[in-house]
Amino acid sequence: MKDVEKQFGPSSWAIDNKTAIYALVVIISLLGLVSYINLPKENFPDIAQSKVFVQTQYLGQSPENIELLVTRQIEKQLKSLKGLKKVTSNSLPNVSVITAEFNADINIRNAKQDVKEAVDKAKQDLPQNDDNLKESSISDINVADLPILYVNLSGNYDLKKLKEFADNLKDEIESYKEISKVELVGALKPEIEINVDMNKMTAAQISYGDIIQAVGGENIISSAGTIKMDGVRRSVDIRQDFKNAEEVAAMVIRNPTGRAVYLRDIAEVKDGFAEQESYARLKTNEQKEYKSVITLNVSKRSGENLIATSDKINAMIAEKQKTEFPRGLNITVTGDQSDQTRTTVNDLVNTIIIGFILVTVILMFFMGTTNAIFVALSVPLSCFIAFLIMPAIGFTLNMIVLFSFLLALGIVVDDAIVVIENTHRIFENGKVPIAKAAKMAAGEVFLPV
């Protein structure tokens, strides 16, 4: 049976212009290698669930009251949102938790903003002037927001001193453009205590309202907009807040007669700490029991290189331990996701190399050395082309992409074998030149391949 002469334009042109194709392969390989080196590597892609959570605390209330006074009022505003799929809620003692689920095609950031606006509208229907009703917190779940590593600080220091070291590290890490946020866990939050003497306050004709107004008027933090640093837009605040108890004690509070009264004259002002709300403990292989630590939860920006960011932070910590921090301060990095990412990336590289060698060796016995090498070359060449395309479409090298590579490599090898086998079949049966046989073979199997 004579083969129908079909040809596929690009493959026919490639066969007629071998020199150009060889040069193109070299260029693609070099550019693909450079792209692979610079490609952001992370554990998981930026996956955001299409859900937004609204949590509202109303202290001292039963589930029934939470349902009636809070949950229903917020739900009423949420149900009119565009793209909303369903709303579920849980009314518990002291707290209302509402989940707004949106359609998959809705941008979760826009949806979160819509939820914020809906909750703001619902405020007019919530109980007014009640300090037990707290501000609603609105959040979503994004894999990219998970910490990439934890920096734990411990040593023969109290929590106040450890917090100073932790704040130093926090400021340094947050200055990196790759970092989105750093959270402190287990640290004491400083506060200034004002213990008023009722007798002195009455004698000076000063009320609690006068003190609150005076302190509030001096303790101000206001936004001054944003500034672009290292390609990242950061907020700028104007601070006129108190640094220590001495500044507060030196405040002048005027009584109705106009006589100046210092706060220290009617109250005891001292530095203190708020009640500790979070705790962090760590047990290493060298320790027999858990020790209290201060932990920095470090999260990177979406699309940034996880491995490079982790290496940068670890190098900075090592440098500070040598030159700045005391020897008694122990800094331990745990939960570093770059270790797993590095292992996965190395496994991919090893798989490609081993696959290239095995395919070449095995096919040499059945197809000859030249054909085997051409089939095997399809593996790295396909990877290099993918590495060139990935940055343009916003992909990073992550676990999902790596497993996709492993699945696709087998298909690439199979397709190359099909084309070469079909070329030899046409060449032997049709007695046509090998170049024409290759053109016909590619044209025949183009659609199924």
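The values are calculated or read from the model by the stated rules, or taken from the named source; none is laboratory data. Since we're looking at a predicted model, the values are computed, not measured. Positions of Cβ are generated from backbone atoms using ideal geometry, with glycine treated the same way; all protein chains shown enter the neighbour counts.
Given the options Gly186, Gly209, Gly225, name the one that is at pLDDT 60 or above and more than 29 Å from Lys161 (Cα to Cα). Break it down stepwise before answering.
Numbers: Gly186 fails: more than 29 Å from Lys161 (Cα to Cα); Gly225 fails: at pLDDT 60 or above.
Step by step, each of Gly186, Gly209, Gly225 is checked, and only Gly209 is at pLDDT 60 or above and more than 29 Å from Lys161 (Cα to Cα).
Results for (1) surrounded by fewer than 14 Cβ atoms within 10 Å (Cβ to Cβ); (2) aliphatic (A, V, I, L, M); (3) within 44 Å of the chain's Cα centre (by Cα), shown as yes or no for each residue.
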site: Phe387; (1), (2), (3): no, no, yes
site: Met390; (1), (2), (3): no, yes, yes
site: Phe395; (1), (2), (3): no, no, yes
site: Ser404; (1), (2), (3): yes, no, yes
site: Val412; (1), (2), (3): no, yes, yes
site: Ile420; (1), (2), (3): no, yes, no
site: Asn429; (1), (2), (3): yes, no, no
site: Glu444; (1), (2), (3): no, no, no
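Looking at the structure I just gave you, is Ala48 at pLDDT below 90 and more than 29 Å from the chain's Cα centre (by Cα)?
Working: at pLDDT below 90: yes; more than 29 Å from the chain's Cα centre (by Cα): no.
So Ala48 does not fit the description; no.
Residue check: is Leu329 assigned by TED's automatic domain parsing to the domain that holds Lys300 and not basic (Lys, Arg)?
Values: assigned by TED's automatic domain parsing to the domain that holds Lys300: yes; not basic (Lys, Arg): yes.
Spelling it out, Leu329 is indeed assigned by TED's automatic domain parsing to the domain that holds Lys300 and not basic (Lys, Arg).
Restricting to the stretch 67-87, give me the number of residues that are touching a helix residue (DSSP H, G or I) at 6+ places or on another chain (Cβ under 8 Å), assigned to a helix (DSSP H, G or I) and closer than 16 Å to Phe53 by Cβ.
Number of matching residues: 3.
Kindly indicate whether Met399 is surrounded by 18 or more Cβ atoms within 10 Å (Cβ to Cβ) and touching a helix residue (DSSP H, G or I) at 6+ places or on another chain (Cβ under 8 Å).
So Met399 fails the test.
Exactly one of (1) touching a residue at least 40 places away in the same chain (Cβ under 8 Å); (2) within 30 Å of Tyr290 (Cα to Cα); (3) out of contact with any Asp or Glu (no Cβ under 8 Å at 6 or more places or on another chain); (4) not small (Gly, Ala, Ser) is unmet by Lys161. Its number?
All conditions pass for Lys161, except number (1).
Pairs please, first residue from the stretch 84-102 and without any contact (Cβ under 8 Å) to a residue 40 or more places away in the chain, second anywhere and among the charged types (D, E, K, R) and part of a strand (DSSP E or B), Cβ atoms under 7 Å, 6+ apart in sequence or on different chains.
Taking only residues 6 or more apart or on different chains, the pairs are Lys85/Glu101; Lys86/Glu101.
If we only count strands (runs of 3 or more DSSP E) wholly inside the stretch 116-226, which ones have 1 or more residues that are over 30 Å from Gly303 (Cα atoms) and out of contact with any Phe, Trp or Tyr (no Cβ under 7 Å at 6 or more places or on another chain)?
Values: elements: 137-142, 149-155, 179-185, 190-196.
By residue number, 149-155, 190-196.
Which residue out of Lys123, Lys134 is more than 30 Å from Val333 (Cα to Cα), in contact with a Ser or Thr (Cβ under 9 Å, 6 or more places away or on another chain) and without any contact (Cβ under 8 Å) to a residue 12 or more places away in the chain?
Lys123
Quick one: which of Leu162, Leu184 is hydrophobic (A, V, I, L, M, F, W, C), within 30 Å of Asp339 (Cα to Cα) and in contact with a helix residue (DSSP H, G or I) (Cβ under 8 Å, 6 or more places away or on another chain)?
Result of the check over Leu162, Leu184: Leu184.
Quick one: which residue in Glu101, Glu64 is of a type in the set (D, E, K, R), outside any strand (DSSP E or B), in contact with a strand residue (DSSP E or B) (Cβ under 8 Å, 6 or more places away or on another chain) and in the same structural domain as Leu126 (by TED's automatic domain parsing)?
Glu64
So that you can scan it fast, the table gives a plain yes or no per residue for (1) small (Gly, Ala, Ser); (2) outside any loop (DSSP other than H, G, I, E, B); (3) under 28 Å from Asn142 (Cβ atoms):
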site: Val26; (1), (2), (3): no, yes, no
site: Ile37; (1), (2), (3): no, yes, yes
site: Ser50; (1), (2), (3): yes, yes, yes
site: Ser89; (1), (2), (3): yes, yes, yes
site: Ile106; (1), (2), (3): no, no, yes
site: Arg109; (1), (2), (3): no, yes, yes
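If we scan the stretch 312-331, do we find a residue that is more than 30 Å from Tyr157 (Cβ to Cβ) and surrounded by fewer than 13 Cβ atoms within 10 Å (Cβ to Cβ)?
no
Please determine, by comparing only the residues of the stretch 26-45 that are β-branched (Val, Ile, Thr) and modelled with pLDDT of 90 or more, which one is farthest from Val97 (Cα to Cα). Working first, answer last.
Going through the stretch 26-45, the residues β-branched (Val, Ile, Thr) turn out to be 26-28, 34, 37.
Of the ones still in play, those that are also modelled with pLDDT of 90 or more are 26-28, 34.
Numbers: Val26: 58, Ile27: 56, Ile28: 53, Val34: 48 Å.
Looking at residues that are β-branched (Val, Ile, Thr) and modelled with pLDDT of 90 or more, I get Val26.
Sort out which residues of the stretch 414-445 are touching a Lys or Arg at 6+ places or on another chain (Cβ under 8 Å) and under 26 Å from Gly355 (Cα atoms), and write them in order of number.
Hit for the stretch 414-445 is Ala441, nothing else.
Per-residue answers, yes or no, for (1) more than 30 Å from Gly394 (Cβ to Cβ); (2) touching a Phe, Trp or Tyr at 6+ places or on another chain (Cβ under 8 Å); (3) modelled with pLDDT under 70:
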site	(1), (2), (3)
Asn244	yes, no, yes
Asn255	yes, no, yes
Val261	yes, no, no
Ile266	yes, no, no
Gln276	yes, no, yes
Thr284	yes, no, yes
Glu289	yes, no, yes
Ser292	yes, yes, no
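Taking the conditions exactly as written (charged (D, E, K, R), surrounded by 14 or more Cβ atoms within 10 Å (Cβ to Cβ), at pLDDT 85 or above and not assigned by TED's automatic domain parsing to the domain that holds Ile74), does Asp167 satisfy them or not?
Yes: the conditions hold for Asp167.
For the stretch 102-129, how many residues are surrounded by fewer than 17 Cβ atoms within 10 Å (Cβ to Cβ) and at pLDDT 85 or above?
Going through the stretch 102-129 one residue at a time, the tally reaches 12.
I'd like the residue in the stretch 321-380 that is of a type in the set (Gly, Ala, Ser) and touching a helix residue (DSSP H, G or I) at 6+ places or on another chain (Cβ under 7 Å) and, out of all such residues, is nearest to Asp311 (Cα to Cα). Spell out how you get there, then give the answer.
Step one: filter the stretch 321-380 for residues of a type in the set (Gly, Ala, Ser), giving 328, 335, 338, 355, 368, 372, 376, 378.
Of the ones still in play, those that are also touching a helix residue (DSSP H, G or I) at 6+ places or on another chain (Cβ under 7 Å) are 338, 355, 372, 376, 378.
Details: Ser338: 8, Gly355: 30, Ala372: 40, Ala376: 34, Ser378: 33 Å.
If we take residues in the stretch 321-380 being of a type in the set (Gly, Ala, Ser) and touching a helix residue (DSSP H, G or I) at 6+ places or on another chain (Cβ under 7 Å), then Ser338 is nearest to Asp311 (Cα to Cα).
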